[in-house]
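Below: the structure, in structure tokens.
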Amino acid sequence: MKILLVQNSKLPVVTYEEAERVIWWLGKALVQRGHEVVLLAKKGSECPFAQTLFIDDKKTLEAQIPHDIDLIHFHCEPKWGDITKPYLITCYDNYAEPRHFDPNTVFLSQSHARAHGAEVFVYPGIDWSEYGTPILENKRLYFHFQGNTEWRVKNVRGAIDIASEAGARLHVIGGNRVNFRQGLRITLSPNVRFHGTLNPEGRNMLLNNSRGLIYPVVWQEPFGIAAIESLYFGAPVFGTPYGALNELLGASALAERKPNHSKGQVEALYAEFGCLSLKKSELVEALNHAGAYNRQRCHEYAHDRFSATRMADDYLKLYEKVLAGKQIHDFEPVMEVGLAETLPLKS
């Protein structure tokens, strides 16, 4: 099969943008499966495993599609006119306003799909060859936060507060100590260290020595690659039960609240791979028990369930459906109520 992957940005990326990383991992996995991949992306893109074409905003999309392409997979919203080739669209965003979606739209998680009036989703998968083999027996001395700290919904402020109240060291990947885009945030605590955007080697080394990810997002997280990366290195996740995080940590385990104050636990949502709560105080208490999680199980769970190979296989099933003349959804997904831009986190 010859597949055109479309993304309206430059590839590859050096930041932590999820769409760009997912399309890269997917393309590589599809090639390993024996398919031919062509990238259509912004000028300056380059790719060692696929032919790369550059988007020309002055031309229609139809004029830019090679004639022998079997299927088009959009990783951005197509805005270039009618499409005659078989196609599907992966949605990465949350929408604050009601809207309709193309029946061939795929979402990132079950909660992401449901929030937008849809059903079909494919969990993103990671190319674990970029991460190496974790050292699960090493001594862990700190926690970490990973995400774009300029984006309020990722809530680095909350992560810093939780770590500080727990008396724990925190390493922040993806931001700086002084941030003017969040109303002048200056973090003075000596227990918090900022690393900016790390290269893969630096990121891997830092995660490989982390006790866990502090991830108190205040929006409906569509997926959360940072959580899966952390689990791969044996580090559990401590965050809020918003969006896909319930699914990623095991929805069945999170269905029960497990209070046990005699053992120092609190009335939070404990799962095999972490703890989720809307209360900072409960997350602070949970950090004190980070060593109780099985690092090997965290690693195996992430490695086996969220691989790029599994993602490619899931998409190939949808590709075959589209090529057979069927739609991904039997209906037009309709989002009747927009999502709140921010959600609460209590003390």
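Bear in mind that the values in this text are calculations on the coordinates, not laboratory data. This is a predicted model, so every value here is computed, not measured. Positions of Cβ are backbone-derived with ideal geometry, glycine not excepted, and every protein chain shown enters the neighbour counts.
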(request) Take the chain, connect every pair of alpha-carbon atoms lying under 10 Å apart with a spring to form a Gaussian network, then pick out the residue of 55, 23, 228 with the largest mean-square fluctuation. (result) 55
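Using only Cα atoms, what is the ratio of the radius of gyration of the chain to 2.2 N^0.38 Å?
Output field value: 1.02.
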(request) Specify the inter-centroid distance of region 194-237 and region 124-174, based on alpha-carbon positions, in whole Å. (result) 4 Å
(request) Kindly put 25, 128, 151 in sequence by how many other C-beta atoms sit within 10 Å of each C-beta, fewest to most. (result) 151, 128, 25
(message) Can you compute 3J(HN,Hα) from phi for each residue in region 92-103, using the Karplus curve 6.51 cos²θ - 1.76 cosθ + 1.60 with θ = phi - 60°, rounded to whole Hz and x for Gly and Pro?
(response) 10, 9, 9, 10, 8, 10, x, 6, 9, 10, 4, x
(message) Roughly how far apart, in whole Å, are the Cα centres of region 8-49 and region 300-328?
(response) 16 Å
(request) Sum -39500 (n - 2.57) across every DSSP H segment of at least 4 residues in the chain, then divide by the residue count to get the 222 nm mean residue ellipticity, nearest 500. (result) -7500 deg cm²/dmol
(request) Work out the length of the dipole vector of region 127-247 about its Cα centre, built from +1 on the beta-carbon of each Lys and Arg and -1 on the beta-carbon of each Asp and Glu, and round it to the nearest 20 debye. (result) 540 debye
(request) Could you list, in their original order, any pairs among 139/279; 2/43; 2/321; 2/79; 85/326 whose Cα atoms are separated by more than 18 Å? (result) 139/279; 2/43; 2/79
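So for 116, 303, fewest C-beta neighbours within 10 Å to most, what's the order?
303, 116
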(message) 7 Å from Cα along Cα→Cβ at both residue 310 and residue 67: what's the point-to-point distance in nm?
(response) 4.2 nm
(message) Using the Cα centre of the chain as origin and beta-carbon charges of +1 (Lys, Arg) and -1 (Asp, Glu), tell me which of 14, 290, 174 is placed farthest towards the positive end of the dipole.
(response) 290
(message) Please give the charge dipole size of the chain, origin at the Cα centre, charges +1 on K and R Cβ atoms and -1 on D and E Cβ atoms. Round to the nearest 20 debye.
(response) 1200 debye
(request) Name the residue, out of 34, 175, 224, whose mean-square fluctuation peaks in a Gaussian network model built on the chain with Cα pairs under 10 Å. (result) 34
(request) Rank the residues 75, 289 as a footprinting-exposure proxy: fewest other Cβ atoms within 10 Å of their Cβ go first. (result) 289, 75
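Charges at C-beta only: +1 for Lys and Arg, -1 for Asp and Glu. How large is the resulting dipole of region 41-193 about its Cα centre, in Debye rounded to 20?
For region 41-193, the charge dipole is close to 960 debye.
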(request) Considering Cα pairs under 8 angstrom that are at least six residues apart, work out the relative contact order of the chain and quote it in whole percent. (result) 20 percent
(message) Using a Cα-Cα cut-off of under 17 Å, which aspartates and glutamates could be cross-linked to residue 154, ignoring same-chain neighbours fewer than 8 residues away?
(response) 17, 18, 93, 221, 229, 341
(message) Quick one: 3J(HN,Hα) in Hz for region 205-211, Karplus 6.51/-1.76/1.60 with θ = phi - 60°, rounded, Gly and Pro as x.
(response) 5, 5, 5, 5, 10, 9, 6
(message) Please list, ordered by chain and number, the residues whose modelled amide H lies under 5 Å from the amide H of residue 123; skip anything fewer than 5 residues away on the same chain.
(response) none
(message) Connecting C-alpha atoms closer than 10 Å in a GNM of the chain, tell me which of 50, 29, 63 has the biggest fluctuation.
(response) 63
(message) Using the basic label-point model (7 angstrom from Cα toward the beta carbon), what is the residue 97 to residue 15 distance in nanometres?
(response) 2.3 nm
